[in-house]
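Single-structure report; data block below.
The values are calculated or read from the model by the stated rules, or taken from the named source; none is laboratory data. Keep in mind that what you see is a predicted model, and the values were worked out from it rather than measured. Backbone-built Cβ (ideal geometry, glycine too); neighbour counts: all protein chains shown. Ligands, DNA and RNA are stripped out before the accessible areas are found, and what is left, the full protein with its side chains, is counted by its heavy atoms. Shrake-Rupley method; radii C 1.70, N 1.55, O 1.52, S 1.80 Å.
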Amino acid sequence: LDGICDKNNTYFVIWTTTTWTLPGNMAIALHPRETYAVVKAGNENYIVAEALAGKVMAAGNIEDYEIIATFKGGDFEYATAYHPFLERDSMLVTAEYVTMDSGTGCVHTAPGFGVDDYYTGMRYGIRICVPVDDRGYQTEEAGKYAGMFYSESNKAILADMAESGALFASQEM
């Protein structure tokens, strides 16, 4: 991205249906051979699958944008992105299961939750983080959400991300 855009204003737009698992995010999975676009909208740049860029921008109510560069998903492998609300990075990884039929093409990956995420984490040597205890409460690893029941933290994380500007878009499922 050097010379193309300001990395401080560039964001991978990840997709998840389980907001409460975001404290366990350790990676962002991209399809290795699909094309990803750097989409410029105002002073910000968003990285999404090129095939989904129009849908993603519409979901974010952004009408005025341009694609300023494209890359293969594999070009980002092993790079890092800042976690949206915890003091750690998320590794960019590749995975064949990333599809182009919905979402953003950038998949929230929490190796402590879900089989695909677990195997991806193991393949890249990523630490397994399970910030929810066996009763469904967020642990200290969830930061400020520690002690919240997972469904309660779902709402709090969503609200905090909206307030901080880290939430691109949301919809009720």
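Looking at the square roots a ≥ b ≥ c of the eigenvalues of the Cα gyration tensor of the stretch 4-106, which shape do they give, rounded for a/c under 1.5, prolate if a/b is larger than b/c, or oblate?
rounded
Does a label point 7 Å from the Cα of ARG123, set along Cα-to-beta-carbon, have any residues of the stretch 66-107 with amide nitrogen under 17 Å, and which are they? Backbone N within reach: 72-79, 91-100, 105-107. This model, with +1 at the C-beta of Lys and Arg and -1 at the C-beta of Asp and Glu, gives the stretch 1-118 a dipole about its Cα centre of some 100 debye. For the stretch 78-173, pairs of C-alpha atoms spaced more than 15 angstrom apart make up 68 percent of the total.
Specify the inter-centroid distance of the stretch 147-173 and the stretch 1-79, based on alpha-carbon positions, in whole Å. Between the Cα centres of the stretch 147-173 and the stretch 1-79 lies a distance of 20 Å. For the chain, lysine pairs separated by 8 or more sequence positions, or belonging to different chains, with Cα-Cα distances below 18 Å total 5. Dipole orientation for the stretch 59-144: of the candidates ILE68, THR104, THR139, THR139 has the Cα lying most toward the positive pole (charges on Cβ; Lys, Arg +1; Asp, Glu -1). Of the solvent-accessible surface of the stretch 56-173, computed with a 1.4 Å probe and all protein chains present, 50% belongs to carbon and sulfur. Take the Cα of GLU152, go 7 Å toward its beta carbon, and the backbone nitrogen atoms of the stretch 112-134 under 19 Å from that spot belong to 131-134.
How many percent of DSSP beta bridges within the chain run antiparallel, rounded to 5? Looking only at bridges with both residues in the chain, the antiparallel portion is about 70 percent. Can you match Kirkwood radius over Cα pairs in Å to one of these, (i) 17.3; (ii) 24.3; (iii) 16.4, based on a calculation from the structure here? Computed from these coordinates, Kirkwood radius over Cα pairs in Å corresponds to label (iii). Taking 0.36 nm per residue of separation and subtracting the Cα-Cα distance, full extension of the segment from GLU140 to ALA58 would add 25.9 nm.
Between the exposed loop cleavage positions of the chain, defined as chymotrypsin sites (Phe, Trp or Tyr not before Pro) in a non-H, G, I, E, B DSSP state with at most 14 neighbouring beta-carbon atoms within 10 angstrom, the longest gap is 1-77. When the alpha carbon gyration tensor of the stretch 49-127 is reduced to an equivalent ellipsoid, its three semi-axes come out at 25, 14, 13 angstrom, largest first. Scanning the chain for trypsin sites (Lys or Arg not before Pro) in DSSP loops with at most 10 neighbouring Cβ atoms within 10 Å leaves 34-126 as the longest stretch between them. Taking 0.36 nm per residue of separation and subtracting the Cα-Cα distance, full extension of the segment from LYS72 to ASP6 would add 21.8 nm.
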